[in-house]
Amino acid sequence: MRDLENDFVVNQLARATMFRRFGRAILTEIAETAAYRRFGKNTTVIYQGDTPTHVYVIVRGRVRLSLPLSDGRDFIFSDLGPGDVFDLSSLFIAQDSRMNAVSISESHMLQIGVTSVVSLFDRHTDLALNVVPVFCQAMLDAQERIIDGTAGLPMRLATTLFRIMKDPHGIEVSEDEPQTIHLSQTDLAAMVPASREKVNRCLRDWQRRQIIQYDHGFLTILNRDYLKSIALGRRNTIGFGWMPKAPLRQEGFGCRISP
């Protein structure tokens, strides 16, 4: 029975972004120290300020990483799904957790002790080469979020939608065209971040322009190219002129709402 359990854990680790490059022998070592945990809906897995002791691999469900803001709202940094790993920084940096991690649906995870993983790196120093691309991608993603944060609301909202379509992380996104995202305006506003009222006005403006359709939590992209021009406008209007491929109405494009 233990062999069957280890095979299951190894297979789950092989799906994870962090561990899929490690090889089966190394994954077997990790599996021997991993614990299988279940978290109910809306259960806090990690609190901001906690001292990290484990790395988590999501097997089933969704986990939200969020940061409390000074006005009482939460900034949703990311929604994670099966195969995603979180609290990786604890492997290399001794600092308290920067965000809350909450299971927003019933979630099953592999819980792996930080000391076990660090010991593994000590015994297999070559594994660092497999980890570097994961952290480089995480750094690039974080830089992209910072750059997006300097843009106006329409561009932030558009880039957020494209980021969700590229990496849903457990958010329901249809594969057929036109693509539809199942997401509440409250959650979308927290990802941008902006107030729900401003996001609502922006979506209504886009809906009037037939860029998107929003109906009871289902957002359908009707004009992907137009939405892309809004998302790229921030980058292409810095320092030089820019005109979108499609003609725009005189009153402008996107929505005229300050962040």
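When region 205-223 is filtered for residues that are touching a residue at least 24 places away in the same chain (Cβ under 8 Å), in a helix (DSSP H, G or I) and loosely packed, with under 15 Cβ neighbours inside 10 Å, nothing remains.
Going through (1) in the same structural domain as residue 38 (by TED's automatic domain parsing); (2) in a helix (DSSP H, G or I) one by one, residue 112 falls short only on (2).
Checked against (1) buried (at least 18 other Cβ atoms within 10 Å of the Cβ); (2) among the polar types (S, T, N, Q); (3) not in a helix (DSSP H, G or I), residue 95 passes all but condition (1). Scanning region 155-202 for residues that are assigned to a helix (DSSP H, G or I) and touching a Pro at 6+ places or on another chain (Cβ under 9 Å) gives 156, 198, 202.
Tallying residues that are touching a residue at least 24 places away in the same chain (Cβ under 8 Å) and within 24 Å of the chain's Cα centre (by Cα) within region 1-33 yields 10.
The numbered conditions (1) in a helix (DSSP H, G or I); (2) not assigned by TED's automatic domain parsing to the domain that holds residue 41 are all true for residue 138 except (2).
Taking region 134-146 as the range and being in contact (Cβ under 8 Å) with a residue 40 or more places away in the chain and either under 12 Å from residue 18 (Cα atoms) or of a type outside the set (Lys, Arg) (or both) as the test, the residues that pass are 134, 135, 138.
The rows are residues; the columns are (1) of a type in the set (D, E, K, R); (2) at pLDDT below 95.
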position	(1), (2)
31	no, yes
43	no, no
48	no, yes
65	no, yes
84	yes, yes
110	no, no
114	no, yes
119	no, yes
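Note on region 126-171: residues that are surrounded by fewer than 16 Cβ atoms within 10 Å (Cβ to Cβ), more than 13 Å from the chain's Cα centre (by Cα) and not aliphatic (A, V, I, L, M) total 7. Can you find a residue that is aliphatic (A, V, I, L, M) and touching a strand residue (DSSP E or B) at 6+ places or on another chain (Cβ under 6 Å) anywhere in region 89-97? No, the conditions are met nowhere in region 89-97.
The values are calculated or read from the model by the stated rules, or taken from the named source; none is laboratory data. Remember, it's a predicted structure, so these values are computed and weren't measured experimentally. Neighbour counts are summed over all protein chains in view; Cβ atoms, including those assigned to glycine, are modelled from backbone coordinates with ideal geometry.
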